[in-house]
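The values are calculated or read from the model by the stated rules, or taken from the named source; none is laboratory data. None of the values given here were measured: they were computed from a predicted structure. So basically every Cβ, Gly included, is an ideal-geometry build from the backbone, and we count neighbours across all protein chains shown. These accessible areas exclude ligands, DNA and RNA; they are computed on the full protein's heavy atoms, side chains included. Shrake-Rupley method; radii C 1.70, N 1.55, O 1.52, S 1.80 Å.
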Amino acid sequence: MVVKVARVQKTNPLPAVEQTEEEKMSVKKYLRGEAADLGELQDKKLKGQLAVREELYGKSAQAAAQAEKWLMPSEGGYLEVEGIEKTWRIKQDAIAAEVDILSLRKQFDIVLPDFGPYTLDFSLSGRYMIAAGKKGHMALLDMKNMDLIKEFQVRETVRDVVFLHNQKLFAAAQKKYVYMYSDNGTEMHCLKDHGAVTKLQFLNKHFLLTSINKLGQLHYQDITTGEMIGNYRTGLGRTDTMEVNPYNNVIGVGHSGGTVSMWKPTSAAPLVKMLCHQGPVTAMAFHANGHLMATAGMERKIKLWDLRKFEVLQTFPGTTKSMQFSQKGLLAAATGGSFVQVFGDLSGSQEYSRYMGHSIAKGYQIRKVQFRPYEDVLAIGHSQGWSSILIPGSGEPNFDTWVANPFETRKQRNEKEVRSLLDKLPPETIMLDPSKIGSVKPAMKKKGPTKQDIEAEKEAAIEDAKKTKLKKKTKGRSKPSKVTKKKQEAIMRAKKPFLEKQEEKVKKRKRVEEENQLPMSLQRFARKVPAS
Amino acid sequence: MAEKGKGKSRGEITQRRRRDGGEVRGKKRKNLSSSGKRKEEEKKRRSGPSLPNALKRELERLNPTVDGEVSDGDDEEIDSDAAVGNDVYEYEEGVAEEETMKNKRYDPVENYEFELPEDFEDWKVPSDDDDDDDDENEDPGRHGRMLEEITGLPADAFGGKKKKDLIISEAYPESEYNPTGDILDGSGRISIQDLLEPLHGKSGFSKLRKDLHRMGKQTVPTLAPVARTDQERIERKAAYEQSKKDITKWEPLVKRNREAPTLFFDEDKELGYSTIGAIASEFTPRTDFEKKMASLVNQSEVVEAHKRDGARLLELNEVSIEDVKERQERLAKMRDLLFRHEMKAKRVKKIKSKTYHRLLKKDKSKAAEASIRMDPEAAKEHAMKIEFKRAEERMTLKHKNSSKWAKRILKRGLDAQDDATKAAFSEQLSQHAALTRKINSIKESSGSDDSSEGDDSDDMSAGSDQEAAEKLIKKAKEKTLQVLEGDDELPTSGVLALPFMVRGLKKRKDAADEEAKLALEEYESSLKQLGDTNKSRSSDKEAKGASSGRRVFGAPEKVVNGTTKKEKVNNYYGDSDSESDAEANADDNTLNDQTGKSLKEMDIDPSLLREEFGFSHDSVFKSFGDAGDPEPKTAYEVAYLSSDTWKKVRKSSDAVKGSEADLNVRKLGIVAQAEKDPESEDDDEDSGSDSEEEMVDGILSSGPKSTYELPSQAELIQRAFAGDDVEEDFIKQKEAVLDEENPEPEKPVLLPGWGQWTGLQKKRGLPSWMLKEHEAAKQKRDESLKKRKDAHLNNVIISEKLGKKAEKLHTKTLPYPYTSKEVFEQSIRMPIGPEFNPVTAIGALNRPEVVKKAGVIIKPIEYEDVSVHERGEGHKRSAPKQGKANGKKRSRK
């Protein structure tokens, strides 16, 4: 057996032909879609302008592709086997024998049997990790230096923990409320509005802390202003599976009915609701490209979905409590009690197959699997502490210091904080297809006649009434006074239905207002029918 | 211009023609009228008006000939004479005869323009008409006078003519209208050349000849001029052709500029001097004075001296090291002092201690006082300041509510005000309060504390007089009575008006009344007691009781109110409160469970599941559902794997747990035995189930080999999820959502008996229009449903709502030059910011349409030869180069 484990930052010059192919690919990537068909345009001027633009775009993409070569020098790691050997047979000790010392340091187990299964979260840069035991033990670690920054006990159930925009703040879902702590363990806030939260997520571009609580209520809170942006009842019962789609920041929630619903903070109804499983959904994960979703149901199935078509791509057997896609698209799933399986898209055609596996000591219940960003490391939180294993090819080898910098200094961090606050996106920018921002508003369905229409109709009716000729009558019934009176009456008759309708509307509004005055819980006792 | 001239000439022509016609007509008329006139004149002359003699004489003197003629008295002569004198046309009457073609010798070609020089005419023409012949013969002097009058030349000039006249004798005098016989014969025809010959060598001959030559060529008869409009059109067309030719040459130039994405007007051009030195260096002396100065300044001696001087000045500039050092030291010291002062100030400012600041203030004020005492000037100033402050205060009356502003606000109500006003008002109030407090404190400190009598909240415990107690009790009694009497009216609207609420309120009120009554009785009794004690002047103990009673009395009233309030609150939020309580309880419960007392009580989901699936599948779902709970899990595993290794684990866990696990083992009993093997099978499946045992071997090796016949995995799952029909539920949900968006049309119904003849309608069924309408509505709904994104996806509901907040992120209409949505959307797909593009591309991507430097004069477009085929490569060139190539407005020259 020959194991080749290429570590991060190992550059491998490729043949020239392939490079051009690669370049073409990256040019295509930087073009961000295809140009419009200018042939069908009638306007010559516009055509000319757009042609010039397209040319510029092409040049820009070319330049970007060329720059990529220099800006992204490192190549991702990989596992290479010879002959009939399989990658999933390679164990961690085999890998450990091959890798360098620095990477070897990333393979470890921490045994903390007292405070229950651990959940983990990494900061954006992957440098810091927070581990929270179910029984209230919380630890903030610097993974680069292997330093324990802070460790404390909250003496309460901790269900979930997430980093906020940087490692200085993190939020923990505890027994009753959500708390925010600073990096030295000081309790900064207690967010009581969220209730007893089962799962937390943070949308770092929008600064929204998202939670789902025991009652199945979804909360979005802006952590810069403290404003509660959205509070929606999913109406589908308690759940603890909630994940963010990193592409569009839509929140996906898995429910006990086998459905997965996707939410944005500005609408009370889910954007998408899909039936994924027969049994309750136990775990889900989103790929970074936004159109791949993995869900796991209690009926022992793990499914891969194409979110562009909302169709199943693949189905694997197995049940899991925690899943995650790595930056490079590997899917880790904690199948069974203490076994981690990693699926990989090895052929590049979205055909996921077994890539690696790792079993920890029997009886350790895995609670969370989490890939470390920018490293080929998978962290596993389980009932006896946590362990960290090497999964070659999982992490993005090149980091962009504008996005996430593992070697960030304090000053840089401060500056980045300010910058990210300035670049904060409003919550309404979250939508299923964010590339649609700026496009033409889709045509709305027409809802009945508009105010103008009604007005025009009324005018027409009055005109008609005015025009009707009265019969010439005898015996003083065609006296001018009578005629005017009759005409006025006719006009009134024409107006009447419109006025009535208006009045009804006003009444209805008033009634609704009255109903709204009551507290929610008592509205059902209010009289539905107005006394007539 | 030519056109205009032409038009004008043509206008003249037509005018002339018209005038000619008019002339002819006028001539005839005048002929007629002239005969009449003649008679009149005769009459006049015969019986003229008797003029005064003096006037007659004058007339004679002025016009002797006329008078003479008159006196001569020939009719015809008078006629012709009058014609000559009054009207030129009368004279041309003879020509009219020719028009009537009496005279065949009339030349058919009219040649108006042809003019001959005077001398030539003189030389040739034998002038007069036959009519005048006799007259001339008779009176040659008169003819001369006539000619004189017409031409304005002296009569002698015509003298020669007469002589010739005398020589030639013909019926008609020879003239251009009456040529001599040989001319008419054609043999001795006189050509213009003949006529010209004698003029040879004279001035103006060549010009004349040229003219003649030119005229001779025009053999074609001149055509009638074209209609004016046509002519104008032709002219316009010609002009257009001309201008078109002029303009088309610009076309490629303009086209190129239009197509260029950017126009550049920023050519490097000297905008002027950048520095004063540059200006100075350019200076050249112009005036005499300047020249003189320049010569003086630039004198070699002066320059040299300046140079030498400069060197000496430099020497003077030298400073000793000591000086520099000293200066530096001084500066450093000053800086240090300043810095220290600053630091001190900072530190002092940072101190949060109030006492410190108070002391500091005191010190300051003390110092000020001292200075006031010492310095009369300062004292005066201080007094002035205080006075000013007081005056200001008095003027503004800021602390009172009596100002107009305050009154108005009070009138409108404080709630109606905005925050700032409220703040201002509250500030005013607080000021007032502070001032009154101050006054009170002054008073208290000075006088007795009578003011505290009114307040029952004031501390009287120290005194605890019986009277005071009595008073208090009385007050309490009053209040309770008030409570009893008051709030009889029940709310008539809102939630509280609901019947069950009313009932509740009533109940509560009754209870409160009861309590109040009790309290009242108590008061009464205590009052009595007090009275007794008053009478008996009892001991302190009782007084103490009273005082303690007072404390009690104070309390019940409050309690009554408090309880009612609390209950009300409870009532309002009753549901939610209880819910939350329940939640909390549940939470507690669950936590307790988790810390591990009983296995049965677990999280909600699994328990529910268990209920659904029945007992037999219990353990399966335990394993699925509760991976989160470590204790139960381990316990369970202990229960189901009774192998050695796992027993060890159990032992390691504490004894209590162990016993519980045992208990569970007992509970699960046989079932556990049965479920062992499916479980192992499950794990096998997890790992991939193909000849791969390494992860499972823990179980396989430790667990007993199965002898139990397994149901298949699929079967098991089927059985597990048989209870809930998830799919159907989902379809129902989807239908509900669809119905919400496009409601299903109502089924057509008829009111029974409405519009029916007995039984007739029933047989026919519903009227066809109703059915049709229904059908149409249904079809419409189906169509709109088909358009949905999730139309063909049974298991997906995609919301079609955009959301009002997201609307602002879209354009309402297609922006102007675009006509198709796709093209527009594809045109905005690329970000153009610096974050998304390499630096080399940003400039070109974001360049404005026109680049120009401030201050550059944009000259009008200059002509430049541009080949049409250049355009193709125009795109390929980089943008700045394009600009360079574009010479339209660039001010290169």
- [ ] Give the residues of segment A:294-310 that are among the hydrophobic types (A, V, I, L, M, F, W, C), in contact with a Phe, Trp or Tyr (Cβ under 7 Å, 6 or more places away or on another chain) and within 11 Å of chain B (Cβ to nearest Cβ), sorted by residue number.
- [x] A:M298, A:I302
Task: Criterion violated by A:K44 - all others in (1) farther than 27 Å from A:L390 by Cα; (2) within 9 Å of chain B (Cβ to nearest Cβ); (3) basic (K, R) satisfied - done: (2)
TODO: Would you point out which residue out of B:K407, B:K380 is of a type outside the set (A, V, I, L, M), surrounded by 10 or more Cβ atoms within 10 Å (Cβ to Cβ) and over 28 Å from B:S365 (Cα atoms)?
DONE: B:K407
Open item on the list: Tell me whether segment A:485-502 contains one or more residues that are of a type in the set (A, V, I, L, M, F, W, C) and either more than 60 Å from the chain's Cα centre (by Cα) or open to solvent by 100 Å² or more (accessible area, probe 1.4 Å) (or both).
Closed with: yes
- [ ] Please work out if A:A404 is open to solvent by less than 40 Å² (accessible area, probe 1.4 Å), more than 14 Å from every other protein chain (Cβ to nearest Cβ), in contact with a Leu (Cβ under 7 Å, 6 or more places away or on another chain) and touching a residue at least 24 places away in the same chain (Cβ under 8 Å).
- [x] yes
Open item on the list: Please count how many residues of segment A:480-530 are assigned to a loop (DSSP other than H, G, I, E, B) and under 30 Å from A:E455 (Cα atoms).
Closed with: 2
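Which residue is most open to solvent (accessible area, probe 1.4 Å), if the candidates are limited to segment B:825-850 and must be outside any loop (DSSP other than H, G, I, E, B) and facing chain A (nearest Cβ under 7 Å)?
So in segment B:825-850, the residues outside any loop (DSSP other than H, G, I, E, B) come out as B:825-827, B:839-846, B:850.
Cutting the leftovers down to facing chain A (nearest Cβ under 7 Å) gives us B:825-827, B:840-841, B:844-845.
Details: B:E825: 47, B:Q826: 57, B:S827: 18, B:T840: 115, B:A841: 10, B:A844: 28, B:L845: 4 Å².
If we take residues in segment B:825-850 being outside any loop (DSSP other than H, G, I, E, B) and facing chain A (nearest Cβ under 7 Å), then B:T840 is most open to solvent (accessible area, probe 1.4 Å).
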Open item on the list: Looking only at segment A:311-332, how many residues end up being farther than 14 Å from A:T241 by Cα, assigned to a strand (DSSP E or B) and within 10 Å of another protein chain (Cβ to nearest Cβ)?
Closed with: 4
Open item on the list: Being in contact (Cβ under 8 Å) with a residue 12 or more places away in the chain, open to solvent by 40 Å² or more (accessible area, probe 1.4 Å) and under 19 Å from A:S388 (Cβ atoms) is true for just one of A:I90, A:I110, A:I101. Which residue is that?
Closed with: A:I110
Open item on the list: Looking only at segment A:239-285, count every residue that is open to solvent by less than 20 Å² (accessible area, probe 1.4 Å), part of a strand (DSSP E or B) and more than 8 Å from every other protein chain (Cβ to nearest Cβ) and tell me the total.
Closed with: 14
Open item on the list: Looking only at segment B:528-542, how many residues end up being open to solvent by 30 Å² or more (accessible area, probe 1.4 Å), of a type outside the set (K, R) and at pLDDT 55 or above?
Closed with: 2
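Residue by residue, here is whether (1) under 23 Å from A:S103 (Cβ atoms); (2) within 20 Å of the chain's Cα centre (by Cα) holds:
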| residue | (1), (2) |
| --- | --- |
| A:L307 | no, yes |
| A:S326 | yes, yes |
| A:A332 | yes, yes |
| A:S347 | no, no |
| A:P373 | yes, yes |
Task: Of all residues making up segment A:456-466, the number that are out of contact with any helix residue (DSSP H, G or I) (no Cβ under 6 Å at 6 or more places or on another chain) and either of a type in the set (A, V, I, L, M, F, W, C) or closer than 10 Å to A:A490 by Cβ (or both) - done: 4
TODO: Quick one: B:S768 ticks every box in (1) more than 8 Å from every other protein chain (Cβ to nearest Cβ); (2) of a type outside the set (F, W, Y); (3) open to solvent by less than 40 Å² (accessible area, probe 1.4 Å) except a single one, so which number is it?
DONE: (3)
Task: Candidate set: segment A:509-525, residues that are among the acidic types (D, E) and more than 10 Å from chain B (Cβ to nearest Cβ); chosen: the one farthest from B:L498 (Cα to Cα) - done: A:E513
Task: Options B:P860, B:P817; residue that is surrounded by 12 or more Cβ atoms within 10 Å (Cβ to Cβ), modelled with pLDDT under 90 and either assigned to a loop (DSSP other than H, G, I, E, B) or touching a Ser or Thr at 6+ places or on another chain (Cβ under 7 Å) (or both) - done: B:P817
TODO: Answer yes or no as to whether A:E428 is open to solvent by less than 60 Å² (accessible area, probe 1.4 Å) and either outside any loop (DSSP other than H, G, I, E, B) or in contact with a helix residue (DSSP H, G or I) (Cβ under 7 Å, 6 or more places away or on another chain) (or both).
DONE: yes
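Just wondering, is there one or more residues in segment A:460-474 that are within 13 Å of chain B (Cβ to nearest Cβ) and either in contact (Cβ under 8 Å) with a residue 60 or more places away in the chain or part of a helix (DSSP H, G or I) (or both)?
No, segment A:460-474 contains no residue that is within 13 Å of chain B (Cβ to nearest Cβ) and either in contact (Cβ under 8 Å) with a residue 60 or more places away in the chain or part of a helix (DSSP H, G or I) (or both).
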Open item on the list: Here is a check on your reading of the model: is A:Q370 modelled with pLDDT of 95 or more, in the same structural domain as A:P117 (by TED's automatic domain parsing) and not hydrophobic (A, V, I, L, M, F, W, C)?
Closed with: yes
TODO: Residue by residue through segment B:786-814, note down the ones that are more than 7 Å from every other protein chain (Cβ to nearest Cβ) and open to solvent by less than 30 Å² (accessible area, probe 1.4 Å).
DONE: B:R788, B:D790
Open item on the list: I need the full set of residues from segment A:291-308 which are outside any strand (DSSP E or B) and open to solvent by 10 Å² or more (accessible area, probe 1.4 Å), in order please.
Closed with: A:H291, A:M298, A:R300, A:L307, A:R308
